[in-house]
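The values are calculated or read from the model by the stated rules, or taken from the named source; none is laboratory data. Please read these numbers as outputs of a predicted model, since none were measured by experiment. When we count neighbours, we look across all protein chains shown, and the Cβ atoms used for this are built from the backbone with ideal geometry, even at glycine. With ligands, DNA and RNA removed, areas are computed over all heavy atoms of the protein, side chains included. Shrake-Rupley method; radii C 1.70, N 1.55, O 1.52, S 1.80 Å.
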Amino acid sequence: MAEQGEELQRILYVEDDADIRAVAELALETVGGFSVKSCSSGQEALLEGPDFAPELILLDVMMPGMDGPSTFHAMQQIPALQGRPVVFMTAKVQTEEIAFYRELGAVEVIPKPFDPMTLADQIRDIWTSKV
């Protein structure tokens, strides 16, 4: 978990849509200055995420195969990913859906479509206020 005042640097980003992934990577790396490890599936994130040692996980909800909630659950079984704050990104933002993601343990939900120019600031705000 983050120490008080520790600056966020490493984000594991899981998104199956290549176009959305490219836009978010650009927003987070170029605009935000973060170090980002992108994965195109939950399975890839489970394999490559532990070595990256992310400080925060940004996770798409709707993905083929392993969806976001399943990926989140599996990540909690891996010591290197366990307890890392998770932010879901999804177009499914009805009140009951957001409540479900928070019950799973997500610290926040970012609605899609997101604004690439403000995404890094949104992530930074979540990091400083909720983690």
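Being modelled with pLDDT of 95 or more and part of a loop (DSSP other than H, G, I, E, B) is the filter; apply it to the range 83-104 and report the residue that is most open to solvent (accessible area, probe 1.4 Å). The selected residue is 84. When residue 27 is tested against the conditions (1) in contact with a helix residue (DSSP H, G or I) (Cβ under 7 Å, 6 or more places away or on another chain); (2) under 27 Å from residue 79 (Cβ atoms); (3) not aromatic (Phe, Trp, Tyr), the lone failure is (2).
Within the range 23-62, the set of residues being open to solvent by 20 Å² or more (accessible area, probe 1.4 Å) and farther than 15 Å from residue 123 by Cβ comprises 40, 41, 43, 44, 46, 47, 48, 50, 51, 52, 53, 62. Tell me whether the range 12-28 contains one or more residues that are more than 23 Å from residue 115 (Cβ to Cβ) and in a helix (DSSP H, G or I). Scanning the range 12-28, I find no residue that is more than 23 Å from residue 115 (Cβ to Cβ) and in a helix (DSSP H, G or I), so the answer is no. Go through the range 69-82 and count every residue that is open to solvent by 70 Å² or more (accessible area, probe 1.4 Å) and assigned to a loop (DSSP other than H, G, I, E, B). Final tally of qualifying residues: 3. Of all residues in the range 10-38, those being under 18 Å from residue 88 (Cβ atoms) and among the polar types (S, T, N, Q) number 1.
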